[in-house]
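Remarks on the structure that follows.
The values are calculated or read from the model by the stated rules, or taken from the named source; none is laboratory data. The shown structure was predicted, so the numbers you read here are calculated from the model rather than taken from an experiment. Ideal geometry is used to build each Cβ from the backbone, glycine not excepted, and the neighbour counts take in all protein chains shown. These accessible areas exclude ligands, DNA and RNA; they are computed on the full protein's heavy atoms, side chains included. Shrake-Rupley method; radii C 1.70, N 1.55, O 1.52, S 1.80 Å.
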Amino acid sequence: MTKKKQQQDEIAGLSRRGFLGASAVTGAAALVTAGSMGAFTSREAWAEAVKSAQDKIHIAPGELDEYYGFWSGGHQGEVRVLGVPSMRELMRIPVFNVDSATGWGLTNESKRVLGDSAHFLNGDCHHPHISMTDGKYDGKYLFINDKANSRVARIRLDIMKCDKITTIPNVQAIHGLRLQKVPHTKYVFCNAEFIIPHPNDGTSFDITADNAFTMYNAVDAETMEVAWQVIVDGNLDNSDMDYTGRFAASTCYNSEKATDLAGMMRNERDWVVVFDVPAIEKEIKAKRFITLGDSKVPVVDGRKKDGKDSVVTRYIPVPKNPHGLNTSPDGKYFIANGKLSPTCSIIAIDKLPDLFAGKLKDPRDVIVGEPELGLGPLHTTFDGRGNAYTTLFIDSQLVKWNIADAIRAYKGEKVDYIRQKLDVHYQPGHNHASLTETKEADGQWIVVLSKFSKDRFLPTGPLHPENDQLIDISGDEMKLVHDGPTFAEPHDCILARRDQIKTRKIWTRDDPFFAETVAIAKRDGIDLMQDNKVIRDGKKVRVYMTSSAPAYGLTEFTVKQGDEVTVTITNLDEIEDVSHGFVMVNHGVSMEISPQQTSSITFTADKPGLYWYYCSWFCHALHMEMVGRMMVEKA
């Protein structure tokens with residue numbers, strides 16, 4: 001046996017667990033999982049690759065990450081903030097969930113944001129997206145959907161708090177969500193996935209009838225009111241928009257309008273539906289719309305009638321049960337991923353005006369490429385250098401391919417458009433490259449969100465974590481550099497440069513987030529910055545107090561059994577990090593009050609006795625002594 005062969009056998013003989021023993025070590029394993037074991041001819045070469053991977057993702061003490069990452073919280077109904085490339089979790093932003101740490105879903109301020117949907121205690125977040133100006137992230141808002149309860153939420157990124165939630169009328173299950181990119185984010189576009197009858201009054205299971213449909217929805221990004229809806233044939237899945245402000249597009253996987261698995265897979269081709277946004281606005285201005293039920297939202301019909309196209313939509317046949325829909329950062333193409341086809345379809349956006357003008361005989365004339373990539377293509381992201389990266393769910397791979405070469409191959413040239421395939425673990429869904437949704441796609445990192453983790457982490461019982469993997473794409477070869485366990489299907493993420501997100505260090509006193517609470521205090525004649533006072537209004541008691549580390553301004557108060565008690569606290573501290581909390585023991589009451597913030601919470605004092613309240617956010621060396629007492633007298 002030659003020395004080289006012996007070295008290769010030693011490397012091949014390393015156990016999988018030993019080879020992938022630390023998350024950073026997977027960077028060295030990237031070439032192995034890509035099928036090139038021979039790239040490492042010695043343990044020394046392997047060790048050097050390990051160190052290179054570790055150096056790439058290591059953020060030293062006192063240093064900051066290059067990117068903010070915003071992860072959907074999946075079934076938790078929240079948004080998670082991570083630093084990239086360290087993959088350290090920085091913060092969780094509650095949205096559709098109840099969070100006792102911050103009091104989200106408990107405080108009066110958060111209940112006002114939740115509105116009529118506050119009675120829902122769950123959410124299913126899928127797609128976070130950052131507002132844009134001229135095709136670049138402006139760092140103002142992040143929007144996210146709730147598939148479970150048909151809602152769209154807006155998060156202010158300066159304070160990283162949700163400030164608006166809208167329930168979309170006339171539809172069920174808001175799934176795909178994308179934003180207008182130019183000249184700015186005027187609209188938030190969102191797909192309603194499931195077909196329902198109209199009116200949905202409990203009289204029919206039939207979704208094949210003409211009065212059964214779903215709709216494409218546009219929400220005004222500033223007012224968060226639903227601007228318009230468009231009825232479509234089939235259903236809707238994922239969506240994106242171009243860089244001209246004219247065309248948005250969505251995939252449809254149930255063109256059959258079926259209710260069973262076999263029925264939904266019957267057609268060899270489903271379609272991408274393209275929306276002409278100015279044409280929709282023109283129809284509404286001309287009052288060529290209807291309304292449905294109690295909603296006053298304008299509804300335009302975008303279905304084909306007797307084989308004739310609507311003026312606002314076009315349907316492009318693509319194979320089969322398409323899922324992801326992604327726009328290339330150069331603005332040239334929509335990429336629709338086939339899911340039950342090994343292909344994705346490249347749609348030339350510059351051909352869409354001719355399609356709408358009736359100058360093309362076949363809607364598939366807008367397709368300029370249909371590369372075969374592997375089994376189960378779901379989502380595509382981009383590096384800004386002409387390459388696309390598509391997740392293959394069934395193959396458990398990420399495939400890097402060149403768009404221009406795929407178009408040449410579609411024309412009949414013999415060219416290999418696939419650059420590399422990298423094993424990812426396991427069953428990847430969404431992937432997201434740094435700045436990929438903007439004109440500034442920089443080709444540095446890709447996050448792959450894998451649905452299964454199996455043997456990647458310590459066992460945790462029957463319910464396993466999922467696995468987010470960070471991949472370095474800055475060079476010619478993809479390199480896997482990090483595994484990270486995640487909980488409850490985060491689903492998707494988005495990356496922005498750290499300079500694009502500008503957060504406040506402390507609250508400003510005129511912030512609209514707690515403006516209504518301030519107005520109530522003003523009507524009570526309260527100066528929130530100095531008054532500590534109890535106001536009794538029949539069975540309603542309003543308790544106002546300040547907080548300044550390490551003491552509340554009011555350390556005891558008395559109410560009667562059955563009183564509705566509202567506690568309003570203003571944090572007088574002006575130093576970042578000095579957040580206070582308020583917990584009323586045995587009352588289900590908990591909230592956060594950060595520097596210069598006013599927070600309020602309402603509860604019923606239903607049982608006589610003495611009850612302590614305390615600060616729940618560690619604020620001072622005497623934090624444990626920051627307490628008070630409530631006496632509940634018998635009625």
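Of note:
- Residue in the range 491-501 that is open to solvent by less than 40 Å² (accessible area, probe 1.4 Å), polar (S, T, N, Q), over 30 Å from residue 596 (Cβ atoms) and within 26 Å of the chain's Cα centre (by Cα) present: no
- Residues satisfying the stated conditions in the range 82-123, i.e. open to solvent by 30 Å² or more (accessible area, probe 1.4 Å) and assigned to a loop (DSSP other than H, G, I, E, B): 98, 100, 101, 106, 120, 121, 122
- Top-ranked residue in the range 255-281 [being part of a loop (DSSP other than H, G, I, E, B) and touching a residue at least 60 places away in the same chain (Cβ under 8 Å); ranked as nearest to residue 235 (Cα to Cα)]: 257
- Residue match in the range 363-384 (condition: among the charged types (D, E, K, R) and either open to solvent by less than 20 Å² (accessible area, probe 1.4 Å) or within 27 Å of the chain's Cα centre (by Cα) (or both)): yes
- The number of residues in the range 289-336 being of a type in the set (S, T, N, Q) and over 30 Å from residue 441 (Cα atoms) comes to 3.
- Looking only at residues in the range 49-78 that are in a strand (DSSP E or B) and closer than 22 Å to residue 441 by Cβ, the one that is most open to solvent (accessible area, probe 1.4 Å) is 68.
- Qualifying residue in the range 491-504 (condition: within 30 Å of residue 419 (Cβ to Cβ), of a type outside the set (A, V, I, L, M) and modelled with pLDDT under 95): yes
- Condition met for residue 284 (crowded, with 23+ Cβ neighbours inside 10 Å, assigned to a helix (DSSP H, G or I) and in contact with a strand residue (DSSP E or B) (Cβ under 8 Å, 6 or more places away or on another chain)): no
- Which numbered condition residue 353 fails, given (1) touching a Ser or Thr at 6+ places or on another chain (Cβ under 7 Å); (2) farther than 30 Å from residue 457 by Cα: (1)
- Pairs, first within 21 Å of residue 589 (Cα to Cα) and without any contact (Cβ under 8 Å) to a residue 60 or more places away in the chain in the range 77-100, second open to solvent by less than 30 Å² (accessible area, probe 1.4 Å) and of a type in the set (Asp, Glu), C-beta under 7 Å, six or more apart: 92/78; 97/78
- Matching residues, the range 202-224, being closer than 24 Å to residue 255 by Cα and either of a type in the set (D, E, K, R) or in contact with a Ser or Thr (Cβ under 7 Å, 6 or more places away or on another chain) (or both): 206, 207, 210, 216
- Condition check for residue 36: open to solvent by less than 60 Å² (accessible area, probe 1.4 Å) and modelled with pLDDT of 95 or more: no
- Qualifying residue in the range 133-146 (condition: over 22 Å from residue 82 (Cβ atoms), buried (at least 21 other Cβ atoms within 10 Å of the Cβ) and either touching a Gly at 6+ places or on another chain (Cβ under 8 Å) or modelled with pLDDT of 95 or more (or both)): no
- Cβ-Cβ under 7 Å pairs, at least 6 apart or on other chains, the range 202-221 side under 18 Å from residue 237 (Cα atoms), far side open to solvent by 10 Å² or more (accessible area, probe 1.4 Å) and polar (S, T, N, Q): 207/259; 215/170; 219/166
- Tally, over the range 603-619, of residues that are open to solvent by 70 Å² or more (accessible area, probe 1.4 Å), part of a loop (DSSP other than H, G, I, E, B) and touching a residue at least 12 places away in the same chain (Cβ under 8 Å): 3
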